[in-house]
Amino acid sequence: MEAISIFDIFKIGVGPSSSHTLGPWQAARDFIQHIDASKIDRVRVHLFGSLSKTGRGHATDVAVMLGLEGYDPKTIATDQIDRYLQRIEAEQNLQVKGNTVAFVRSKDIVFEPSTHDLHPNTLIFHAWSQGQLITEITYASVGGGFIERGGEEHTTVAPVRLPHPIQRGQELLAYTDELGVSISDVVHRNELHFRTEAEIQASLDALLDTIIDSVYRGCSTPGVLPGGLNVKRRALSMCHQLTDGADYANRKEWLDVVHNSPKHFKNINQWISCFALAVNEENAALGRIVTSPTNGAAGVIPAVLLYYYFFCDYVGKDAMRQFLFTAGEVGCLFKKGATISAAVGGCQAEIGVSSAMAAAGLTEVLGGSPRQALMAAEIAMEHHLGLTCDPIGGLVQIPCIERNAMGAMKAITAAHLALSNDPEAAIVHLDTVIKTMWDTAQDMNGKYKETSEGGLAFNLPVVLANC
């Protein structure tokens, strides 16, 4: 049984896409570990399928170059990315493990017109020396920043035996019944077999810090998003309206301002959207966010988490950690039983999964039972089934940014529905909806799977022509 840590579902990284940016970035970093950089003089990368069709809009080429130079998406200075790229362009080389390797972006990143049998998101790295191919490695970016090398799963997960192995929701509930504990408690016990208690707490706190920081930066940054669609950032103006133009000079002051803002329904509703937009505007601008479970859906968890923090009966940071434990495990269930890749399953695999995760996490911290938490996850996904991925221009902007706000609202609604109902009376259960999502993914037309060949991405030229 596959052992997945919640810290594989939640990753600190750089936008705009987990499968098209973070995955190729990690593949490039893995590739340079398998070559002797002192013996090569050129590197070339071939992108196939969805990576080719939407790779420019998703910054796949940028990710590959930064990964080959060894930058870590967790720690790279995001405000220096443009400078790093300008140097590569000007010098027409990469610095690979301290060695200068020829690299011309327009020639050595090849956007192939075909698909690859391995996966819709496939990339192949070649290392050359004096015209001779030395090393070739094929990777699949399978969603959520996970990669597979040559068809073999390749993640950072240690080969561990968990005390409570979980493949399906019913197995998770069996453990909560047997032990008389919450979902987060079961997950915590499993996580102790991946890392120490101190490491778990530090990792959770790093996630929470990054989440709050991404919302704050999104609520503080003006301008137009890169990519050519001229999408104006909205979170800053929404924040100013909601706070009546109150001043804040740092994150702490911003948190205080939001805490003190009016808490009637209209404001709360707008704040939830503001939080989600803020994160995904940062994501679209190559900012640092938390993949949850993907970059394109990174705003749902923060929006729902901050809804709890600001507008519910917040009881302390431990509750936010419990939220992440429960939400993360639901993400693991979807990865094991279906997919978290839009190139495989459409946007139901991203926004739908993130909404289900958030619904479960919120339900637990609001006092719901394990069955109510999984009921909330089921409700949230049930109403995302069939959601297509049709990013205009291959950019994670339209409709992706607003979809995070909608996913957050559905998660909150699902949680409150579950809390007010008896899960024993439910007709549809989480395991059923996960299977249904996978069936739907397999039946979905390929043009709706992150190719920008259908839906809004296809019809936008017609709209523009009629304006």
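Some observations on this one:
- Within region 72-94, residues that are on the phi > 0 side of the Ramachandran plot have Cβ atoms under 6 Å from residues that are modelled with pLDDT of 95 or more in these pairs: Gln92/Val104, counting only partners at least 6 apart in sequence or on another chain.
- Residue within region 232-239 that is within 30 Å of Glu171 (Cα to Cα) and out of contact with any helix residue (DSSP H, G or I) (no Cβ under 7 Å at 6 or more places or on another chain) present: no
- There is at least one residue in region 283-293 that is touching a residue at least 40 places away in the same chain (Cβ under 8 Å) and part of a helix (DSSP H, G or I).
- Residue match in region 107-116 (condition: within 25 Å of the chain's Cα centre (by Cα), crowded, with 24+ Cβ neighbours inside 10 Å and polar (S, T, N, Q)): no
- Of Ala360, Ala377, Ala356, all but one fail to be in contact (Cβ under 8 Å) with a residue 24 or more places away in the chain and farther than 13 Å from Leu172 by Cβ; the exception is Ala356.
- Number of the exception - Leu47 against (1) assigned by TED's automatic domain parsing to the domain that holds Ser114; (2) within 30 Å of Gln322 (Cβ to Cβ); (3) touching a residue at least 40 places away in the same chain (Cβ under 8 Å): (2)
- Every test in (1) in contact (Cβ under 8 Å) with a residue 60 or more places away in the chain; (2) crowded, with 24+ Cβ neighbours inside 10 Å; (3) within 16 Å of the chain's Cα centre (by Cα) is passed by Asp8 save one, and that test is (2).
- Residue check: Gly337 meets all listed conditions (1) farther than 27 Å from Asp439 by Cβ; (2) touching a residue at least 24 places away in the same chain (Cβ under 8 Å); (3) surrounded by fewer than 24 Cβ atoms within 10 Å (Cβ to Cβ) but one, namely (1).
- Residue match in region 246-259 (condition: in contact (Cβ under 8 Å) with a residue 40 or more places away in the chain and either among the hydrophobic types (A, V, I, L, M, F, W, C) or crowded, with 17+ Cβ neighbours inside 10 Å (or both)): yes
- Extreme residue, farthest from Leu362 (Cα to Cα), among residues of region 397-435 that are buried (at least 17 other Cβ atoms within 10 Å of the Cβ) and among the β-branched types (Val, Ile, Thr): Ile398
- Criterion applied to Ala414, Ala356, Ala380, Ala373 was being touching a Lys or Arg at 6+ places or on another chain (Cβ under 8 Å) and at pLDDT 95 or above, and the one residue passing it is Ala380.
- As a summary of the residue check, Ala297 satisfies the conditions (1) out of contact with any strand residue (DSSP E or B) (no Cβ under 8 Å at 6 or more places or on another chain); (2) surrounded by 13 or more Cβ atoms within 10 Å (Cβ to Cβ); (3) part of a helix (DSSP H, G or I) except for the one numbered (3).
- Selection count where residues are surrounded by fewer than 15 Cβ atoms within 10 Å (Cβ to Cβ) and over 15 Å from Ala127 (Cβ atoms), scope region 62-103: 15
- Search result, residues across region 422-448 that are in contact with an Asp or Glu (Cβ under 7 Å, 6 or more places away or on another chain) and farther than 17 Å from Ser369 by Cβ: Val428, Val433, Lys447, Tyr448
- Matching residues, region 28-47, being assigned to a helix (DSSP H, G or I), closer than 21 Å to Ser341 by Cα and touching a helix residue (DSSP H, G or I) at 6+ places or on another chain (Cβ under 7 Å): Ala28, Arg29
- Condition check for Cys274: without any contact (Cβ under 8 Å) to a residue 60 or more places away in the chain, of a type in the set (A, V, I, L, M, F, W, C), over 26 Å from Pro391 (Cα atoms) and in the same structural domain as Ile398 (by TED's automatic domain parsing): no
- Any hit, region 452-461, residues being in a loop (DSSP other than H, G, I, E, B), among the hydroxyl-bearing types (Ser, Thr, Tyr) and under 25 Å from the mean Cα position of the chain (by Cα): yes
- Residues that are surrounded by 14 or more Cβ atoms within 10 Å (Cβ to Cβ), among the polar types (S, T, N, Q) and either out of contact with any Leu (no Cβ under 7 Å at 6 or more places or on another chain) or not assigned by TED's automatic domain parsing to the domain that holds Thr294 (or both) within region 163-200 comprise Gln167, Thr176, Ser182, Ser184, listed in sequence order.
The values are calculated or read from the model by the stated rules, or taken from the named source; none is laboratory data. Predicted model, so just to flag it, every value in this text is computed and none were measured. Cβ coordinates were reconstructed from backbone atoms using ideal geometry, including for glycine residues, and neighbour counts include every protein chain displayed.
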